[in-house]
Structure formats: C-alpha cells, structure tokens
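Reviewing the structure listed below.
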C-alpha cells in the first residue's frame, strides 16, 4: 500500500484519514510495547541492589591485632532483601561471613557492626 503524506499527496479526504488512522494505530502499538518494557524494567530495578553501606572496625581493640581492616557491608534492594557480608581480619587469618536478609531482617544473629550497616541501608 502506498503511504500518502497528509495534505500533500492525497487526492481525497479518505486518503488522509487512512494515513492518520494507520499512524495512530502504530503509535498505540508503540505505546503498549513501551509500557510493557517500562513495567519490566521497574520490576528488575526493585530486585537490584539499591543501597550499600560498609562499616569498618577493629574486633580486637586493645590487643594490638587487626586494626580497622575488618568490615561489615550490607547490599540491600528496594524491598529490603539482600545480604550482609562481613570479614574479621587478624594477622593470622581472615574469616568471611554472609548472612541473607529478608525485609531488613536476618534469621542469623547479626553483630553490632552488621546491624549498623543494615540499619543505614534501611534509611537510604
């Protein structure tokens, strides 16, 4: 089918209406596709990490070991789900822990530093 430029090539008003109607239908399809795409993007964004906070600390204060090389980091999405990863550093070894989080709560006991990191992400 030959496309007409409205007002230039059209010989009859029917030709112009056909072109306008076809353009409107294309725009409606594009809008529908775009709305579906944006809805999918919003769902993915809610599940992605939205807030990260790290607390550095020395678990061996007074003993001379460790300095502030230990840390607790919370990685949390918009719904409050994610993980808290913590590391305890000493001269002899490093221990790493990962604790899952659902709705800003972990089923595992959190240290003070882990709670601090998690609390910070709740407020951001």
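The values are calculated or read from the model by the stated rules, or taken from the named source; none is laboratory data. In this text the structure is predicted, and so the values were computed from the model without any measurement. Positions of Cβ are generated from backbone atoms using ideal geometry, with glycine treated the same way; all protein chains shown enter the neighbour counts.
Rundown of residues vs (1) modelled with pLDDT under 95; (2) within 30 Å of residue 123 (Cα to Cα); (3) surrounded by 11 or more Cβ atoms within 10 Å (Cβ to Cβ); (4) not assigned by TED's automatic domain parsing to the domain that holds residue 114, yes/no style:
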{"position": "5", "(1), (2), (3), (4)": "yes, no, no, yes"}
{"position": "62", "(1), (2), (3), (4)": "yes, no, no, no"}
{"position": "73", "(1), (2), (3), (4)": "no, yes, yes, no"}
{"position": "76", "(1), (2), (3), (4)": "no, yes, yes, no"}
{"position": "79", "(1), (2), (3), (4)": "yes, yes, yes, no"}
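Please tell me if residue 101 is under 18 Å from the mean Cα position of the chain (by Cα) and under 13 Å from residue 117 (Cβ atoms). The answer is yes for residue 101. Has the range 29-37 got any residue that is exposed (fewer than 12 other Cβ atoms within 10 Å of the Cβ) and within 18 Å of the chain's Cα centre (by Cα)? There is at least one residue in the range 29-37 that is exposed (fewer than 12 other Cβ atoms within 10 Å of the Cβ) and within 18 Å of the chain's Cα centre (by Cα).
Taken as a whole, the condition of being within 21 Å of residue 121 (Cα to Cα), touching a helix residue (DSSP H, G or I) at 6+ places or on another chain (Cβ under 7 Å) and exposed (fewer than 14 other Cβ atoms within 10 Å of the Cβ) does not apply to residue 42.
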